[in-house]
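To start, the structure itself, in structure tokens.
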Amino acid sequence: MKVRHFLARERLQSLLDRLVEAGYEVIGPRVRDHAILFAPLSTAEQLPVGIIDDQAPGHYRLERTDSGRVFDWTTGPQAIKPLTFAPRETLWRSERQPDGRLVFREQPPEAQPTAVIGVRACDLAALAVHDRHFLHDAHPDPHYRERRQNLFMVAVNCMRSAATCFCTATGDGPRAQHGFDLALSELDDGFVVEAHTQEGQAILDTLETTLASHDQLEQVEAGVERATRQQTRVLPDASLPEMLQAAVAHPHWQSLNDRCLTCGNCTAVCPTCFCQTHVDELSLDGKTSEHGRQWGSCFDPDHSYIHGTVIRAERPQRYRQWLTHKFGTWVEQYGRSGCVGCGRCIAWCPVGIDVTEELAALSMAPDTAPAKAPDIAPSQAPGGEERS
């Protein structure tokens, strides 16, 4: 069993200082634009002291309390996805030479050692999903790889859950399980700290700590158990891949036509979604151009545009694509669901669509599901093959 130490609250700044001395830029949670976002951090005072979050379908608010805790919030809209899978970046540039030739130059990824403090268990699980896609494929993504290899992760075990959290249903929290260097469990007077990598142990050895007491360890276990009990959202007991495959023509999909805005908020805040689109930008003089990629969404009509036809032209079809891939075909691709139970898609949906409720409705027999008769059919590819 790993030895756990106790870092007094007044010594939290020393953790930031040691990380900076080790050559890392420190990124941490800060209150910006009425939300918790990850941003550069230089002092512990910049952390969200006494801030908790109130989340519900289509609802996110921050509240100030008298607590001195800095990690008593659950999740913000951002996660850590932008730190590895950039929202927009240039992949290569082209230059027209005087003789008319085009010269292409690859744009190397730019990354510096970065320590991220406040990473939650659900986001570490999402990072593992992205590693599977961007790193462990036959052709690793050099931009993602460069950023990922430069990350030092300081996880925080959740001591409370938002009403939208359901990481216990996906098996991804509230305790961090893998993918981090140091883990913090916050108590009123400080933090129980444990190292999970050599790099993490090297930082821990530089801190002025004491061995965690039996009482402190019990407080940690009680806090994690409390966060577990606070979660009430669940997933259907049935095999979701099989259930969603059987529900491709379920009448409940049509109910999304009057609710879903296809705004793409759910895919933007989802820590595992990785759809992307590529764009070319030409300079005004026509001598240079840049080829870049940026985040995309399966809710965008262009996502299913093929040879002059938008395959998924209707809103229910696009939501069906997202939900079926996230909870169904993702399992075939990556060996697990694409959902880590963070609940962001629930809180940040403008109309409050709840994925757990949608899945529950789809698991019901069509004659008992709360929806109208369908007027959409499974999207068909040439030759009648079902497209997913």
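The values are calculated or read from the model by the stated rules, or taken from the named source; none is laboratory data. Worth saying up front: this structure is predicted, and the values here are computed from it rather than measured. Positions of Cβ are backbone-derived with ideal geometry, glycine not excepted, and every protein chain shown enters the neighbour counts. All accessible areas refer to the heavy atoms of the entire protein, side chains included, with ligands and DNA or RNA removed. Shrake-Rupley method; radii C 1.70, N 1.55, O 1.52, S 1.80 Å.
Here are the numbers for this structure:
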{"read-out": "Test: residue in region 40-57 that is more than 25 Å from residue 352 (Cβ to Cβ) and part of a strand (DSSP E or B)", "value": "yes"}
{"read-out": "Residue match in region 237-259 (condition: open to solvent by 50 Å² or more (accessible area, probe 1.4 Å) and polar (S, T, N, Q))", "value": "yes"}
{"read-out": "Any hit, region 319-337, residues being in a loop (DSSP other than H, G, I, E, B), among the charged types (D, E, K, R) and under 30 Å from residue 73 (Cα atoms)", "value": "yes"}
{"read-out": "Matching residues, region 57-108, being among the charged types (D, E, K, R) and within 30 Å of residue 187 (Cα to Cα)", "value": "61, 63, 64, 66, 69, 72, 81"}
{"read-out": "Wholly enclosed helices (runs of 4 or more DSSP H) of region 169-259 bearing at least 1 residues within 22 Å of the chain's Cα centre (by Cα) and either assigned by the TED database to the domain that holds residue 148 or within 30 Å of residue 357 (Cβ to Cβ) (or both)", "value": "214-229, 240-246"}
{"read-out": "Count of residues meeting criterion [aliphatic (A, V, I, L, M), surrounded by 19 or more Cβ atoms within 10 Å (Cβ to Cβ) and closer than 21 Å to residue 253 by Cα] in region 304-349", "value": "3"}
{"read-out": "Filter result for the condition that a residue is more than 24 Å from the chain's Cα centre (by Cα) and either within 27 Å of residue 341 (Cα to Cα) or without any contact (Cβ under 8 Å) to a residue 40 or more places away in the chain (or both), over 13, 55", "value": "13"}
{"read-out": "Test: residue in region 81-97 that is over 25 Å from residue 200 (Cα atoms), without any contact (Cβ under 8 Å) to a residue 12 or more places away in the chain and assigned to a loop (DSSP other than H, G, I, E, B)", "value": "yes"}
{"read-out": "Single residue of region 260-291 satisfying the filter (in contact with a Gly (Cβ under 7 Å, 6 or more places away or on another chain) and assigned to a loop (DSSP other than H, G, I, E, B)) that is surrounded by the most Cβ atoms within 10 Å (Cβ to Cβ)", "value": "272"}
{"read-out": "Qualifying residue in region 5-18 (condition: assigned to a loop (DSSP other than H, G, I, E, B) and buried (at least 16 other Cβ atoms within 10 Å of the Cβ))", "value": "no"}
{"read-out": "Some residue of region 73-80 being within 26 Å of residue 266 (Cβ to Cβ), surrounded by 14 or more Cβ atoms within 10 Å (Cβ to Cβ), touching an Asp or Glu at 6+ places or on another chain (Cβ under 7 Å) and β-branched (Val, Ile, Thr)", "value": "yes"}
{"read-out": "Selection count where residues are open to solvent by less than 100 Å² (accessible area, probe 1.4 Å), over 30 Å from residue 173 (Cα atoms) and not acidic (Asp, Glu), scope region 95-113", "value": "7"}
{"read-out": "Near pairs, Cβ below 9 angstrom, 6+ apart or cross-chain, from region 20-47 (of a type in the set (Ser, Thr, Tyr)) to any residue that is loosely packed, with under 13 Cβ neighbours inside 10 Å", "value": "24/112"}
{"read-out": "Residue check for residue 303: of a type outside the set (Phe, Trp, Tyr), more than 19 Å from residue 358 (Cα to Cα) and free of Cβ contacts under 8 Å to residues at least 24 places away in the same chain", "value": "no"}
{"read-out": "Members of region 98-110 that are in a loop (DSSP other than H, G, I, E, B) and in contact with a Lys or Arg (Cβ under 8 Å, 6 or more places away or on another chain)", "value": "107, 109"}
{"read-out": "Any hit, region 105-113, residues being farther than 27 Å from residue 195 by Cα and polar (S, T, N, Q)", "value": "yes"}
{"read-out": "Residue match in region 114-132 (condition: out of contact with any Lys or Arg (no Cβ under 7 Å at 6 or more places or on another chain), open to solvent by less than 10 Å² (accessible area, probe 1.4 Å) and part of a loop (DSSP other than H, G, I, E, B))", "value": "yes"}
{"read-out": "Residue count for region 133-147, restricted to those that are within 19 Å of residue 275 (Cβ to Cβ) and either outside the structural domain of residue 115 (by the TED database) or among the basic types (Lys, Arg) (or both)", "value": "1"}
